[in-house]
Every structure is written in C-alpha cells, then in structure tokens.
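FYI, it's all coordinate maths here, none of it is from the lab. The structure presented is a predicted model; accordingly, all values stated were derived computationally and were not measured. Note: ideal-geometry Cβ built from the backbone for every residue, glycine included; neighbour counts use all protein chains shown.
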Amino acid sequence: MRMPTIEGSILAMLTALGLISAAGAQDAGAPSREQIEKALPKPPYSPYANRDFPTRPFFGDTHLHTSFSFDAGAFGARLGPRDAYRFAKGEQVTASSGQPAKLSRPLDFLVVADHSDNMGFFPDLLGGKPEVLADPTGRRWYDMIQSGRGAEAAIDIIFSFTQGTYPKDLIYAPGTRAYRGAWQETIKAAEEANDPDRFTAFIGYEWTSTTAGNNLHRNVIFRDGGDKASQVEPFTTTPPLGSDNPAELWKWMEAYQNKTGGSVLAIAHNGNLSNGLMFPTVEAFGQKLDREYAETRMRWERLYEATQTKGDGETHPFLSPNDEFANFERWDFANLDASVPKTKEMLEFEYARSALKNGLKLGQTLGVNPYKFGLVGSSDAHTALSALEEDNFFGKTTPGEPSPERLHATFVDNPKTGIKIMDWQVSASGYAAVWARENTREALWDAMQRRETYATTGPRMLVRFFGGWDFVPQDANTRLPAQTGYTKGVPMGGELRAAPQGKAPSFLVAALKDPLGANLDRYQIVKGWVSKDGNVEEKVYDVAWADAERRKPEADGRLPPVGDTVDVANATWTNTIGAPELATVWTDPDFDPGQPAFYYGRVIEVPTPRWAAYDAKRFGVQPLPGTPMTVTERAYTSPIWYTPQ
Amino acid sequence: MRLLKEPLLHFLVLGGLLFAAHAAVAPSEDKAPSASAVRITEADADWLKEMWTRQWRRPPTAEELTRLVADHIREEVLAREAKALELDVGDTVIRRRLAQKMAFLLDDTLQVAEPPEAELRTMYGARPDLVRTPPRVSFTQVFFRREQGADRARATLAALTGGSAMPEEQGDGILLGDSFADQDEQALDNLFGPTFAGAVFALPFGRWAGPVESSYGLHLVKVTAVSPPEARPFAEVRGKLAEEWRRQRQEATQDQLLKGLIQKYRVAVDPAVRPFLGPLAGQVEVRP
C-alpha cells in the first residue's frame with residue numbers, strides 16, 4: 001500500500017517542474033489524471049502487480065468540535081482535541097457526561113475543526129509586552145532554559161505558581177513558549193495523533209459565518225503539518241480582523257498557500273440552515289455572480305458536506321417530489337438560530353442536488369460551473385466524540401449524550417418565532433469516505449481535492465462509481481471491477497467530455513455492505529441535466545437492487561419496497577432481506593450529447609432501528625409522538641459530470 | 001403572582017441592582033480617574049497591526065488601522081465597565097475560559113523539560129506498544145457466499161491442495177478484491193469484520209487453508225507473506241517516546257500542582273457535598 005506509483009511519480013515530477021499545478025489539474029486545461037494514466041505503459045500480465053489505484057476507502061470525520069470551541073465548552077464539553085483523536089483511533093474515553101465511550105472500530109482519519117472565532121484568544125498575550133525580559137525572575141528562567149536547564153526551570157516555575165510568586169509579566173515571555181494558544185494546541189494534538197499509514201490526523205478549523213443566523217460555515221482542512229499551519233492564525237468572521245464573506249476566506253486561503261507553499265481546502269455545510277444563501281445563483285454579498293466567483297469558489301471548495309447531525313442536505317421533497325427517498329432526516333424549519341422561518345423559495349439554494357443542477361446552468365451562462373462539488377458526510381458533533389452509529393450515538397452536544405432524558409429534550413427553542421427543534425430530530429449522521437491509495441494526510445487530501453469521495457449517513461459501506469463510454473455488462477462481473485473502472489473510465493468526482501458519436505455514457509457501479517452493518521436495498525443513479533429549453537431537470541434511476549428475480553419494477557417504473565425486518569421494541573433487525581453486494585453496468589437511456597449533465601450514485605440500506613429505538617429500549621423511555629424509530633441509511637457518491645464540447 | 005413574571009418588572013429590578021452595584025463599585029465623581037486609566041500604547045498599536053497582518057497576510061491601511069484602534073478602545077472600555085460591574089463573576093463561560101487559559105499556560109511551562117536519554121532508553125524496553133510495528137500479513141483468497149458456501153469451499157480447497165492453479169472461475173467475486181498485501185489486524189477488521197483477522201493470522205504459511213468466516217461469507221486463504229511485529233530502532237521512535245515521557249510528566253505535575261492550588265485557596269465544602277468528593281476527599285476540608 002505504501003508503494004509509490006508510477007502515476008504518482010509522474011504527477012509529482014510534472015508538478016515539481018511547474019508544468020501543472022497539483023491542485024485543480026483537472027480543470028486547468030493541463031493534462032488530466034486520466035490523460036496521464038492513458039499515456040502510461042500497458043499494465044503487466046499479473047493483474048495484481050503495480051496496482052496503482054485505491055483499493056479501499058478510508059472513513060473519517062472532517063468536522064468535529066471539542067471543548068476548544070466556545071459553544072461546545074459552554075454546552076459542557078470537557079474533552080479536547082487530544083481526546084477526540086484518541087477516541088477516533090478506537091480507544092475508550094470518558095465522555096463529558098461521565099460515561100465510558102468507545103467506537104465499534106477505529107476511524108481512519110479525523111479533522112478536529114473547532115470554531116476559529118474565540119479560539120485564538122490566547123496569542124494576544126504575546127503582543128504589547130516587549131519589556132518582559134526586564135523582569136529579573138523572567139530573565140533568570142529564560143537563561144536557565146536557554147542554557148539547557150529547562151527541567152530545573154520548570155520545577156522552579158511550578159513552585160512559584162503555587163506560592164503565588166509567579167511574576168505576571170513572565171506569562172508573556174518569549175522563550176518560555178508560555179503563550180501558545182488553542183490553535184497551537186490544536187496543531188500539536190494533530191501532530192501527535194498523526195500516524196501515517198494507520199491514522200491520519202488533519203489540522204483544521206471551522207470558519208463560522210452566521211450573520212443574521214444564516215449558516216455559511218466552512219471547514220478549512222490543511223494538507224500540511226504543523227510547520228506550515230502554525231505560521232498562520234485561523235481566519236475569523238468578526239470584523240475588522242475577520243469577515244463573514246466566504247470570498248474573504250478564499251483570499252485568506254490563497255494568502256496561506258502563497259506564504260507557506262502549503263495547501264488548504266474548504267468544505268461548506270448546512271445549506272439547509274442558510275435560508276437560501278448557501279448556493280446563490282444571482283448575487284452573493286452584494287456582488288453579481290460572475291466567472292471569477294465561479295472559478296474562485298471551485299478552486300477552494302471542491303467538496304460539500306451533504307449530511308450531518310443537523311439534518312441531511314442531499315435534497316428535499318419539495319425539490320424532488322418524485323424521489324421516494326427524498327424525505328430523510330429533514331431540518332427545514334428555519335435558519336441556524338431559528339430566528340427566521342423557512343420559506344419554500346429558499347430551498348432551491350440550500351440543497352446539494354439543486355445546487356448541482358443550478359451549477360450546470362450557471363456553467364452555461366458564466367462559462368464556469370461554481371457548484372461542481374463532490375460529496376462527503378461528517379458529524380459536526382460538539383462532544384469531541386465522532387460516534388455516529390445508530391446503536392452508539394453520542395449526540396451532537398454534551399447534553400445530547402446518551403441519557404434517559406434525551407428523547408424528550410429540546411435542542412433549540414426560539415420563543416420569538418415559536419420554532420422549536422427537539423433532540424430526537426438530531427440525526428446520527430455521518431462520515432466521509434475517501435478513496436486514496438494510502439492513509440496519509442497527503443494522499444487523503446489529494447483524493448478530497450479530486451473529489452474521489454462519498455458521503456455516508458453513518459455505516460461504512462464500500463461504494464464504487466465509474467463513468468465512461470465503453471463499459472459493458474460483463475465489466476460488473478470481473479474479479480476486479482475497480483481495475484476495469486479506472487482503465488476504461490473515470491471514478492467519482494471525475495469528468496466526461498467529448499461524447500463519441502452515437503454513444504451514451506455508461507456507469508460501472510458496485511457497493512458492498514458495511515461488514516458490521518445492514519444489507520443493501522438498492523443502488524440508484526441520480527441524474528441532473530439542463531434541457532433544451534434551458535430548464536434544470538432531475539431523475540432517479542434504480543440500477544441494481546436486491547432480490548432482482550422477485551422484485552420487478554411496477555408499471556409506473558417504481559421498484560417495490562425491499563421490506564422491513566425492524567423490531568422497534570427490541571431495537572433489532574435481520575439481514576434476511578437485501579443483498580450484501582450490488583453491482584451492474586448502467587447506460588443512460590435518455591442521453592442527449594448537447595445537454596450538460598451530472599450523475600451520482602446513491603446506495604440505500606434496508607431499514608434498521610434509528611438511534612431513538614436503541615434509546616427507548618435501553619433506557620425504557622417512551623418516545624414523543626412523531627419520533628421516527630427506523631432509518632434507511634444511505635451513501636451519496638461525488639458526481640461525474642458530462643460537459644458538451 | 002402574575003406580576004413576578006412581568007418582564008418589565010424584571011428589567012426594573014435588574015436595572016436597580018446594576019445601578020446599586022455600580023454605585024458601590026465605581027469611583028465617585030471626585031475620585032474619577034484623573035490620569036488615563038486606559039492607555040493605548042504604541043506597542044498596543046503595533047500589536048493590532050500584527051494581528052491584522054496575521055489574519056489578512058498584509059499590513060492594515062491607515063483607514064483600517066483607524067478602525068482597529070477605535071474598535072480596540074470601544075472593546076477596552078466596555079470590558080472595563082463590565083468588570084467594574086462584576087459581570088465576569090459567576091459567568092460560567094468566562095470562568096471556563098480562564099481555567100483553560102491557565103491550563104494551557106501550565107502545559108506549556110511544563111514542556112520546557114527535556115527528557116533524560118536514560119529514561120527514554122528504559123521506556124524503549126518497557127513500552128512495546130510504542131516501539132513495535134504491528135504484525136502484517138499478505139494473502140490471496142477465494143470467496144464463497146454463504147449459500148452452499150461450505151460445500152463449494154471444501155471442494156475447491158481439495159482441488160487447490162491437489163495442486164491446481166489459482167482458480168480463476170472458482171468461488172464468487174467480492175468487491176474487496178482477491179489479494180491483500182501487508183495488512184495489519186486493524187485494517188483487516190475494518191474490511192472483513194471482527195474475528196477474520198485473528199483467524200488469518202493463525203493460518204499456516206504458503207498453502208491454501210480455511211474456510212475462514214467473515215461478515216460476508218467464507219474465504220479460502222493462502223498466506224503468502226508474514227511480517228512479525230518488530231521493534232523499530234530507537235532513533236526512529238525517540239520522538240514518540242519523548243512525547244509520552246512529557247505527557248506522563250505533565251499529568252503527574254499537573255496533579256501535584258492542582259493539589260497545591262487547592263491548598264492555596266483552602267477549598268472547603270459543605271458536609272452535604274462530602275459524598276461527591278471522590279478522589280479529592282483527602283484534599284479539601286469539610287466544614288459545616
């Protein structure tokens with residue numbers, strides 16, 4: 001798995017020579033990944049030699065808060081970044097609520113993303129105190145440390161703390177490193193936890209723009225280590241030092257890269273709480289959308305977090321009335337603080353699918369599609385615990401950790417608008433799956449940048465999605481479908497151009513259930529396109545499903561439901577329905593080479609008990625009326641786009 | 001009783017209290033600060049510039065600096081006034097933040113200690129969990145779905161043991177693939193479910209064996225390479241050991257320090273709190 005690959009080396013060489021930029025190589029008109037792959041020598045006879053494509057997905061969370069987040073601390077979170085990484089690595093920790101917590105199995109990676117606002121409160125101690133070393137005690141300690149007697153100095157310093165003789169000015173003294181802030185602590189925790197090839201600890205933060213309660217949050221993720229990340233302070237949202245405009249965050253990101261030679265990306269989330277502002281089509285922050293906006297947004301935001309604890313963001317029944325799975329873990333009441341109720345007109349600019357559709361159209365008018373993003377899921381938990389399995393859900397905030405009360409507790413109550421959200425509405429979702437060749441910061445980050453990712457609502461199913469022009473049905477039956485997929489097509493997140501005469505795009509799709517989880521109901525392909533008259537359209541196709549001999553589509557094209565084995569009272573289910581694995585090749589029957597389109601995969605599990613059912617059973621609590629007790633977990637792949645030449 | 005719920009009354013009572021508190025705390029007219037109580041020094045201005053530059057990666061313009069200074073002054077006087085009114089007292093968030101600040105400060109101070117080489121050497125011998133690489137295994141497998149899997153697996157195993165080549169058409173496909181290189185136990189558990197890894201590590205080397213059960217079905221497995229756990233050289237893990245040494249040292253000293261502070265502030269509790277003292281029982285005084 002650690003073997004450097006030919007393709008990787010060539011990419012690296014080209015990048016080093018300045019011939020292509022590693023970031024955005026696919027869009028820049030430079031040689032694409034696929035082109036480079038095609039230019040490589042033919043594969044060896046042995047199908048197992050030089051396997052240079054990702055063979056397994058890595059699962060993680062790109063969005064976890066700890067006690068370092070101002071609001072998490074206020075909620076009662078006691079665990080910091082170090083605890084968060086330990087927990088993600090599979091160790092048992094004591095949750096802030098005092099109970100032991102452990103994952104069913106370790107995660108492969110984690111981004112601790114605490115709010116930047118109010119995080120960097122400590123470094124201001126550094127400034128304005130140039131006179132520090134004038135303090136005689138400070139001078140003495142400083143000299144001790146400089147001359148290598150640090151341990152001695154430490155004991156002396158500790159003693160002075162307890163005796164109350166610690167000179168105040170020394171707190172700010174350079175050289176004692178005693179001014180390191182939450183940001184530096186965050187970096188340090190990641191550096192310590194990062195264990196290449198076994199566990200990746202990314203450095204990151206959340207930029208939390210919430211003007212007037214409208215959620216425009218972004219998580220910023222560094223490809224780099226502490227040497228680069230510690231050269232900057234996270235960008236904040238409060239003027240004059242920060243800004244609530246994403247365009248200013250993008251400037252900060254560019255400045256970071258220019259200064260350090262490093263790389264960062266940003267992932268937006270919870271458009272469903274933005275009240276129509278997450279995916280604008282006309283203007284943003286008073287500026288008319290133009291080509292530059294589209295290019296800049298696409299340069300920095302290649303992924304979108306499509307599912308998390310505060311509701312699912314794939315689509316909405318109002319936007320997708322013909323999609324029978326659209327009504328899923330919905331949070332469509334208002335904006336983030338429930339200060340302004342939701343109206344139907346806002347929805348189109350809040351959900352991933354409608355944004356992907358509008359992006360196609362904007363691509364035609366602006367020349368560049370600003371919403372060509374891939375998909376991930378993550379938690380946004382404020383507990384330092386990335387525990388999103390239904391039977392092991394540790395809630396979104398510390399008061400929402402497992403307790404007999406949480407099925408009845410209130411999450412948000414805004415008396416002004418009368419909008420009230422209950423804890424039972426919090427969703428045990430989700431994780432990010434990343435197809436990378438190895439588990440390192442660089443490999444995972446690069447895979448995110450090329451959008452080779454998918455979102456899951458919690459389970460760790462394995463999902464493949466390849467698009468091309470030449471897939472044939474037998475390709476789904478080979479022993480190594482992935483090899484065929486990468487050879488004849490592009491993986492999720494990729495692009496198709498130049499349709500060969502008379503051909504429609506074909507997709508090699510496959511999914512394998514979570515080894516600990518439920519069987520799969522079906523694999524669907526969601527298509528969005530711009531019709532001849534300029535309207536955006538969508539359609540969901542069932543392409544592979546369990547029990548295909550018995551389950552035939554009805555006259556209206558709908559597939560009969562897979563069934564339901566959930567015993568709510570006992571919070572159990574069986575894998576007697578569904579299939580552990582689904583695979584097929586599907587060709588678009590409605591393809592028009594003149595129309596831009598996107599396709600993404602959606603994998604649906606058979607029904608299983610929702611976290612509320614486990615709570616009701618384990619605590620012996622009666623749920624409130626209307627609490628959903630079952631769930632159909634799912635995965636969303638990054639799309640593959642077709643753009644007419 | 002309705003009156004008690006009246007917001008206006010709350011406002012008036014709170015306002016009155018604030019006013020009284022203010023009168024008690026604030027200096028009266030004649031004692032008003034004659035010289036500046038709030039002074040913005042050149043160093044402060046430099047700091048504002050520095051903070052701006054760190055965020056925006058460029059120095060502020062004159063106009064921006066003007067805004068920064070105005071903002072700073074505004075914030076400073078509001079904060080002073082809030083403190084004078086003791087609005088910080090009893091504020092959970094402020095208390096927590098101060099405690100966190102103190103904790104960072106302590107952590108950092110304790111970091112100045114450099115671990116002695118000899119102690120690291122001892123640790124190198126005593127902590128295999130930090131030193132050894134996990135065992136890894138490479139193998140080829142043939143997968144059988146559970147339906148009639150056992151019979152088919154046995155038949156295939158017999159053929160393979162009889163010297164047949166790798167069975168291209170035997171068994172069922174599985175999306176995970178058929179050959180795995182250098183996998184440790186955690187990786188295998190994540191791919192195949194629990195118990196599979198343990199079973200594979202116990203298989204004989206170099207010949208077909210099984211079937212081994214996974215979450216998906218049955219697998220015939222031929223182990224092609226095994227790398228046993230091995231100790232990484234001292235130089236390679238020195239950093240990790242030093243980190244652990246510091247962590248332990250930090251934890252111990254923090255405990256000691258906290259004990260000292262508890263004594264310094266002569267923490268006393270009501271008898272009713274005694275049952276909840278836990279490990280602090282010996283350290284704090286119980287007073288009626």
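A few points about this structure:
- Along the range A:475-487 the Karplus relation, 6.51 cos²θ - 1.76 cosθ + 1.60 evaluated at θ = phi - 60°, assigns HN-Hα couplings of 4, 7, 9, 6, 6, 10, x, 4, 4, 4, x, 6, 6 Hz to successive residues, with x for each Gly and Pro.
- Summing Lys and Arg as +1 and Asp and Glu as -1 over all other residues whose Cβ lies under 12 Å from the Cβ of B:Leu87 gives a net charge of -2.
- Relative contact order (%) - criterion: Cα under 8 Å, at least six apart; region: the range A:361-485: 23
- Backbone phi angles across the range A:427-436, fed through the Karplus curve with coefficients 6.51, -1.76 and 1.60 (θ = phi - 60°), yield HN-Hα couplings of 9, 7, 7, x, 10, 9, 10, 10, 8, 10 Hz in residue order; Gly and Pro are listed as x.
- Distance (nanometres) between label positions extended 7 Å along Cα→Cβ at A:Leu624 and A:Asp470: 5.8
- Checking every one of the GluC sites (Glu not before Pro) in the range B:210-286 against DSSP loop status and a limit of 14 other Cβ atoms within 10 Å picks out B:Glu230.
- Contact order, relative form, for the range A:461-643: 29 percent (alpha carbon pairs under 8 Å, 6 or more residues apart, mean separation divided by residue count).
- Environment charge at A:Gly557 (Cβ cut-off 12 Å; Lys +1, Arg +1, Asp -1, Glu -1): -1
- Around the amide H of A:Ala544, modelled in the peptide plane, lie the amide H atoms of A:Tyr523, all under 5 Å away and 5 or more residues distant in sequence or on another chain.
- Neighbour net charge for B:Leu175 - beta-carbon separation under 14 angstrom, K R +1, D E -1: +1
- Relative contact order of the range A:197-297, pairs being alpha-carbon contacts under 8 Å that are 6 or more residues apart, as %: 29
- Peptide B:90-97 - average C-beta neighbours from other chains (10 Å radius): 3
- Listed pairs A:Lys259/B:Lys49; A:Lys310/A:Lys513; A:Lys251/A:Lys420; A:Lys310/A:Lys527 exceeding 29 Å between Cα atoms: A:Lys251/A:Lys420
- Residues whose amide H lies under 5 Å from that of A:Ser96, counting only those 5 or more places away or on a different chain, are A:Arg78, A:Leu79; hydrogens are built 1.01 Å from N in the peptide plane.
- Annotation: peptides B:185-197, A:513-525, ranked by per-residue average of other Cβ atoms within 10 Å with the highest first, follow the order A:513-525, B:185-197.
- Sparse-neighbour loop sites [trypsin sites (Lys or Arg not before Pro); the range A:524-593; at most 15 other C-beta within 10 Å; DSSP]: A:Lys532, A:Arg550, A:Arg558
- Between the amide H of A:Val631 and those of A:Thr608, A:Arg610, distances stay under 5 Å, these residues lying 5 or more places away or on another chain, with hydrogens modeled in the peptide plane.
- All aspartates and glutamates inside 18 Å of A:Lys342 as judged from Cα atoms, apart from same-chain residues fewer than 8 positions distant: A:Asp312, A:Glu314, A:Glu329, A:Asp332, A:Glu350, A:Asp413
- Highest to lowest packing among B:89-99, A:631-641, scored as the average C-beta count within 10 Å: A:631-641, B:89-99
- With θ taken as phi - 60° and the Karplus curve 6.51 cos²θ - 1.76 cosθ + 1.60 applied, the whole-hertz 3J(HN,Hα) list for the range A:605-610 is 7, 5, x, 9, x, 7 Hz, x standing for glycine and proline.
- Of all lysines in the structure, those lying under 23 Å Cα to Cα from B:Lys264, and not within fewer than 8 positions of it along the same chain, are A:Lys168, B:Lys101.
- Calculated on C-alpha atoms, the gyration radius of the range A:443-595 divided by its Kirkwood radius gives an Rg/Rh of 0.99.
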